[in-house]
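Taken together, the values in this text are just the output of simple stated rules run on the coordinates, not laboratory data. Quick caveat, the model's predicted, so the values are computed rather than measured. A quick note on method: Cβ atoms are made from the backbone with ideal geometry, for glycine too, and the neighbour counts reach across all protein chains shown.
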């Protein structure tokens with residue numbers, strides 16, 4: 001039973017840890033499917049996290065915090081669009097610039113506004129998104145096997161967790177069942193075909209980037225208002241890049257993206273769980289190695305185990321009409 | 001007087017200093033097939049792009065069905081019943097036929113209804129015009145002929161009454177082109193108006209009712225097709241008399257210069273592109289390789305010139321073997337007297353950002369003639385470039401100009417001059433006149449025959465059947481990676497066309 005509980009705990013933290021990855025990964029999916037590389041997921045999450053925590057602590061409302069996180073993140077997405085769609089700039093350079101601006105400005109503004117070394121004040125419980133307990137979760141807890149699965153894994157997460165997982169079928173539906181999705185996929189493959197069909201390439205790509213901004217905003221809010229009780233500098237800690245890796249791993253497909261993010265989340269959860277625990281045969285493993293495990297596996301998986309991932313063909317190339 | 005579907009009045013369009021269209025007047029009669037011919041850069045595509053709303057004219061008026069029309073975007077053109085089949089297909093390769101057809105013409109925010117509607121509409125179009133294509137097929141898995149059909153269907157689905165086709169036969173086999181012409185005639189019978197842009201005069205003669213000729217941005221003449229000749233049209237296009245078929249004497253073939261034995265080449269996906277090919281090229285003859293693009297000719301050229309590794313097979317150059325499966329590199333082959341004019345001059349033949357004189361020695365830059373000690377001898381290089389410019393009539397005659405600023409025909413001459421002037425024993429040329437004007441074609445053909453008459457071995461690969469027939473002393477036809485037949489220069493187009501389509505090959509196999 002101990003082992004079972006341990007597994008449940010690891011899976012529970014897998015879900016919690018994969019949520020920001022999943023939101024960022026889907027965010028990247030919208031933009032890359034539309035043909036815009038977005039290495040600035042990291043930065044947009046970070047400004048989202050900061051804006052969310054700052055607004056929540058000032059206005060004492062989790063929802064105002066979430067709204068602000070989305071707003072600021074979308075604004076940064078539009079800056080990326082302005083540089084790379086309207087002015088046909090290099091998408092990688094623009095994305096990197098956004099990451100730097102995000103890292104610097106959050107610390108600077110945090111210090112100027114709250115004087116806590118770049119942190120935002122610790123959020124009270126009504127300023128955060130609390131856990132939602134599903135009906136019957138407490139009563140069923142004692143039922144063997146199914147009880148803990150229902151009450152630990154399914155029930156008891158914040159609303160943003162459910163939003164993240166519902167975003168997966170929703171994104172699939174948008175992508176493959178709506179006119180917007182059809183056009184968005186087309187513009188990432190062959191923008192000239194979209195242009196000659198009489199649709200604005202720029203407006204379509206801007207809309208895709210707005211979707212990206214909304215999702216990175218939610219991802220940021222999750223980090224600073226659910227996982228943590230406030231903003232800490234550089235709290236995204238490379239999650240935006242892992243999300244990009246997961247996106248390639250998932251071959252730009254929403255359901256695959258969910259499994260890829262769960263896998264990365266699981267590795268992360270496992271490394272936390274196994275810290276300091278002696279392993280059979282090997283003995284005690286240094287903490288640093290355990291922490292590096294998800295990244296090492298990322299490299300191995302991306303290098304050899306996924307076969308050829310074909311990105312959207314117009315990805316990274318600004319659309320120029322004149323030939 | 002029949003009613004005009006389209007009238008263009010006084011159209012002007014400039015790109016920077018280049019006047020692409022000057023005072024163009026054109027009337028296209030409803031229910032006819034109207035051809036527009038002209039050399040590359042004559043302004044045909046610009047004119048049609050203005051009509052389709054891709055560009056806006058600087059001045060002038062467009063009337064559609066007698067009404068003045070303002071066409072600011074492809075949307076406006078589509079609304080006026082104008083559809084366009086572009087030279088480079090505007091299709092999303094990994095979408096299905098249906099998805100491509102509805103893209104931009106969806107009836108709903110959700111796809112379900114649009115797809116159902118398109119499916120029944122495609123069935124109707126198939127019945128009416130014989131345009132059959134599997135609506136659920138993925139575009140990239142279809143042959144080009146069918147991809148083009150999807151483009152036509154796209155236009156018809158949007159209710160096009162006027163259909164513009166830009167160089168539609170460039171990628172088709174003769175049989176596919178014939179099929180296209182049948183479809184176009186059928187569309188005409190149903191009352192559609194068709195505008196056909198091409199530089200192939202034979203097609204104009206075969207299918208159009210009226211033909212207009214453009215030269216250097218102006219409309220120089222409009223003729224009824226039955227009352228003109230290929231010769232007259234060619235002269236109008238170029239502005240002087242043109243030899244349509246180069247004159248040449250009998251070949252005096254000598255010993256074998258290049259012998260290819262059992263060559264097999266795979267592409268990057270591991271698909272066999274060249275399958276056990278053997279042939280010889282002798283001194284003093286031109287061997288032409290005919291075939292529809294994509295049947296292994298490109299890979300074969302790349303293997304023989306050392307750009308791509310072969311899987312197996314051997315090549316003898318002047319009786320000495322070259323190892324194409326391993327260490328052969330283009331530099332070594334050049335040193336041994338094999339010059340190569342690649343098919344794709346932009347990606348392989350030239351560095352477009354370089355000055356002309358730099359490109360004119362590219363690959364031969366370690367030749368002592370161009371060196372002063374360890375440094376490039378800039379003066380020698382420029383003198384050499386100026387010589388070639390004079391000899392090959394490269395325009396503009398400025399060896400300091402950036403190569404990107406030369407026209408396609410002149411860029412091709414830069415590559416040809418570079419390779420031919422090295423006096424190689426064997427010359428391999430891929431698509432010698434792709435994207436080259438009629439006047440320059442004549443010049444290039446003459447130079448190739450002069451090389452032959454000097455006793456060089458020349459191997460020409462071209463998808464233009466006319467070119468192969470006019471140049472070659474022997475014609476080899478490639479299909480699906482194999483050489484499926486050898487013919488003399490007197491072979492008819494029909495005979496070669498069948499070979500190119502693999503027909504005879506299949507019959508022989510059965």
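Projected label points at residue A:176 and residue A:112, each 7 Å from Cα along the beta carbon direction, are separated by 4.7 nanometres. Taking the DSSP beta bridges with both ends in the protein assembly as shown, the antiparallel portion is around 60 percent.
Name the shape class, rounded, prolate or oblate, that the alpha-carbon gyration tensor gives for the stretch A:1-132, where a ≥ b ≥ c are the square roots of its eigenvalues, rounded holds for a/c under 1.5, and otherwise prolate holds if a/b is larger than b/c and oblate otherwise. Note, shape of the stretch A:1-132 comes out oblate. Between the stretch B:5-50 and the stretch A:163-219, the alpha-carbon centres lie 37 Å apart. If you plug the beta carbon distance of residue B:490 and residue B:108 into 1/(1 + (r/R0)^6) with R0 = 51 Å, you get a FRET efficiency near 0.30.
For chain A, the direction-averaged projected area of the alpha-carbon convex hull comes to 18.7 nm². Using the Cα coordinates of the stretch B:4-238, the gyration tensor eigenvalues translate into equivalent-ellipsoid semi-axes of 30, 21, 16 Å, sorted from longest to shortest.
Here the stretch B:133-153 is scanned for amide nitrogen atoms under 11 Å from the site 7 Å beyond the Cα of residue B:272 along Cα-to-Cβ, giving none.
Starting from the Cα of residue B:124, move 7 Å in the Cα-to-Cβ direction to define the label point; list residues of the stretch B:73-90 whose amide nitrogen is under 13 Å from there. Under 13 Å, as judged by backbone N against the label point of residue B:124, lies no residue of the stretch B:73-90.
To one decimal place, what Kirkwood hydrodynamic radius in Å is obtained for chain B from all pairs of distinct Cα atoms? Before the final figure, lay out each step's value.
Details: mean 1/r = 0.0403 Å⁻¹.
Evaluated over chain B, this radius sits at 24.8 Å.
Just counting partner chain Cβ atoms within 10 Å, what average do the residues of peptide B:99-112 show around their Cβ? Partner-chain Cβ atoms within 10 Å, mean over residues of B:99-112: 5. Per-residue extension of 0.36 nm, minus the Cα-Cα distance of residue A:60 and residue A:138, leaves a gain of 25.2 nm for this segment. Here each label is just a point 7 Å from Cα along the line to Cβ, and for residue A:296 and residue B:379 those points are 6.5 nm apart. Assuming R0 = 22 Å, can you tell me the calculated FRET efficiency for the pair residue B:9 and residue B:216, based on Cβ-Cβ distance, to the nearest 0.05? Approximately 0.65, to the nearest 0.05.
The eigenvalues of the Cα gyration tensor, multiplied by 5 and square-rooted, give the protein assembly as shown an equivalent ellipsoid with semi-axes of 58, 35, 27 Å from largest to smallest.
Within 10 Å of the Cβ of each residue in B:72-78, the mean number of Cβ atoms contributed by other protein chains is 3. Rounded to the nearest 500, the 222 nm mean residue ellipticity of chain A from helices alone is -21000 deg cm²/dmol, with -39,500 (n - 2.57) taken per DSSP H run of at least 4 residues. Relative contact order of the stretch B:4-238: 28 percent, from C-alpha pairs under 8 Å at least 6 residues apart in sequence.
Ratio of the stretch A:211-323's C-alpha Rg to 2.2 N^0.38 Å, to two decimals?
1.33
With a 10 Å cut-off around each Cβ of B:47-60, the average count of Cβ atoms from other chains is 1.
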